[in-house]
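I have placed the structure first, in the form of structure tokens, so that the comments after it can refer back to it.
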Amino acid sequence: MQLKIAILPGDYIGPEVMDAALPVLEAALKRSGHSLAHSTHPVGGAGIDAAGKALPDATLKACQEADAILFGSVGGPKWEKLPPAEQPERAALLPLRKHFQLFANIRPGLLPKALLGASPIRPERIPEGIDLVCIRELTGGLYFGAKRTTTLEGGDVEAVDTMVYRKSEIERITDVAIATARARKKQLLSVDKANVLECSVLWRKTVTERVAATAPDLTLSHMYVDNAAMQLVRSPASFDVLLTENMFGDILSDEMSVVCGSLGMLSSASIGTGKNRHGFSFGLYEPAGGSAPDIAGKNLANPCAQILSAALMLRHSFGLHAEADAIDAAVRKTIADGLRTADIAFGAPSVGTREMAAAVLARL
Ligand code: NAD
């Protein structure tokens, strides 16, 4: 298979971690006889500098012609004085999400056993580390429903946000969660508030029916969101694949990131409604963190989030699970062997971005 990837490194550490990740991706594909056809395009602040806008037309065109987008991160002090609507994040990522209808956000939470000290959770509560995935619906629910603020008679002010979900929206995100659970332990936990919200009643019914009809091989369970928030702190290692709606996922995935320690280890995927040339979901894959201007250009950034984002891309946009597993395993082995970038070294000796990526490549 030929994988046509639009590479959008972005700003500050974006190009550094992208340069470090690409040889790992190339090696994983070469081993199994697949080829990579990639082209690199400016986005974010780099897009503003090169073509006057955060998402240049040529960059969007390259994304449209690609099977998937591998994204670095955008933004930083250089462009902070621009009006909000022209800021790199808002003017690049949001239009990309909208254009490709990226409705599913997949965020793995990985805390390898060797990094237990990076988590605010006591090590004895997570003796084997943490390894879970949060699947968040990204284009529906409260954030996108009708909203208004009205001044009432007598001067009081009323604000209304509307939570709306359609069965079809719940089905398509459930399908992403099913595919994710199938590639892992075949366990799926759906999180809702079905004791209170109509949307959650439909959510629970639809997820239950979809799994029964299309994935009887999976074990499905349900949890209320308030309980899930507690359990993520109490026993994060008991989670595997967690599926939830937009606002609950926004909150729970951030809670999960903190529980898992360093931003430099966390990848993410946003899956679109469209299919690529190979019949898999088109998606945008990026580290969970930002452009880290404070450490840019110093060979200090942790490349693992970008490398793991490339593995997510292989899994979701190309169905290459063995290759993705190999990259994940190489990252874990690198950590287990004691290599650390500064963000996860906690004062102990550390290696640079390039050396860390070379160590992952060697183990792959
Ligand atoms: P940040 O995520 O860039 O940095 C927060 C902290 O985490 C910093 O101390 C940074 O050094 C560290 N960090 C992040 N990634 C790291 C890595 N790979 N290795 C080691 N350390 C890492 O957040 P911020 O400083 O609030 O934002 C900086 C810029 O990034 C802003 O312009 C913001 O808008 C932008 N941003 C972009 C994205 C995106 O492109 N998706 C996401 C978040 C923030």
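The values are calculated or read from the model by the stated rules, or taken from the named source; none is laboratory data. On a predicted model such as this, the values are computed, not experimentally measured, just so you know. Cβ placement follows ideal geometry from the backbone for every residue including glycine, while neighbour counts extend to all protein chains displayed.
Just checking, which of ALA159, ALA181 is within 27 Å of ILE130 (Cα to Cα), outside the structural domain of ARG315 (by TED's automatic domain parsing) and either at pLDDT 95 or above or of a type in the set (A, V, I, L, M) (or both)?
Step by step, each of ALA159, ALA181 is checked, and only ALA181 is within 27 Å of ILE130 (Cα to Cα), outside the structural domain of ARG315 (by TED's automatic domain parsing) and either at pLDDT 95 or above or of a type in the set (A, V, I, L, M) (or both).
Criterion first (near the ligand (Cβ under 10 Å from one of its atoms), under 28 Å from HIS99 (Cα atoms) and outside any loop (DSSP other than H, G, I, E, B)) does SER309 satisfy it?
Spelling it out, it is not the case that SER309 is near the ligand (Cβ under 10 Å from one of its atoms), under 28 Å from HIS99 (Cα atoms) and outside any loop (DSSP other than H, G, I, E, B).
Does LEU320 satisfy the criteria of being farther than 16 Å from LEU36 by Cβ, aliphatic (A, V, I, L, M) and either modelled with pLDDT of 95 or more or more than 12 Å from the ligand (Cβ to nearest atom) (or both)?
no
With respect to ILE327, determine if the residue is aliphatic (A, V, I, L, M), assigned by TED's automatic domain parsing to the domain that holds LEU25 and farther than 16 Å from ALA20 by Cα.
no
List the residue pairs whose Cβ atoms are under 6 Å apart, where the first residue sits in the stretch 30-44 and is touching a residue at least 60 places away in the same chain (Cβ under 8 Å) and of a type outside the set (A, V, I, L, M, F, W, C), the second is assigned to a strand (DSSP E or B) and surrounded by 15 or more Cβ atoms within 10 Å (Cβ to Cβ), and the two are 6 or more positions apart or on different chains.
Sorted first by the residue in the stretch 30-44, then by its partner, the pairs are GLY44/GLY10.
Name the residues in the stretch 166-186 that are surrounded by 15 or more Cβ atoms within 10 Å (Cβ to Cβ) and of a type in the set (S, T, N, Q), would you?
Across the stretch 166-186, the qualifying residues are THR174, THR180.
Go over the candidates SER268, SER309 one by one and state the one that is crowded, with 23+ Cβ neighbours inside 10 Å, over 23 Å from LEU116 (Cβ atoms) and not charged (D, E, K, R).
SER309
So the check is Cβ under 6 Å with 6+ separation or different chains; which pairs have a first residue in the stretch 9-26 that's more than 15 Å from the ligand (Cβ to nearest atom) and a second one that's in a helix (DSSP H, G or I)?
Filtered contacts from the stretch 9-26: PRO23/LEU361; LEU25/ALA310.
May I ask you to list the residues in the stretch 329-349 that are closer than 22 Å to VAL258 by Cβ and either within 13 Å of the ligand (Cβ to nearest atom) or among the hydrophobic types (A, V, I, L, M, F, W, C) (or both)?
Residues of the stretch 329-349 closer than 22 Å to VAL258 by Cβ: 331-332, 335, 340-348.
Passing the criteria: VAL331, ILE335, ARG340, THR341, ALA342, ASP343, ILE344, ALA345, PHE346, ALA348.
If ALA159 meets every condition in (1) outside any strand (DSSP E or B); (2) free of Cβ contacts under 8 Å to residues at least 60 places away in the same chain apart from one, which number is that one?
With respect to (1) outside any strand (DSSP E or B); (2) free of Cβ contacts under 8 Å to residues at least 60 places away in the same chain, ALA159 is out only on (1).
If a residue has to be assigned by TED's automatic domain parsing to the domain that holds ILE307, more than 11 Å from the ligand (Cβ to nearest atom), touching a residue at least 12 places away in the same chain (Cβ under 8 Å) and of a type in the set (D, E, K, R) to count, how many in the stretch 250-286 make the cut?
Total meeting the criteria: 1.
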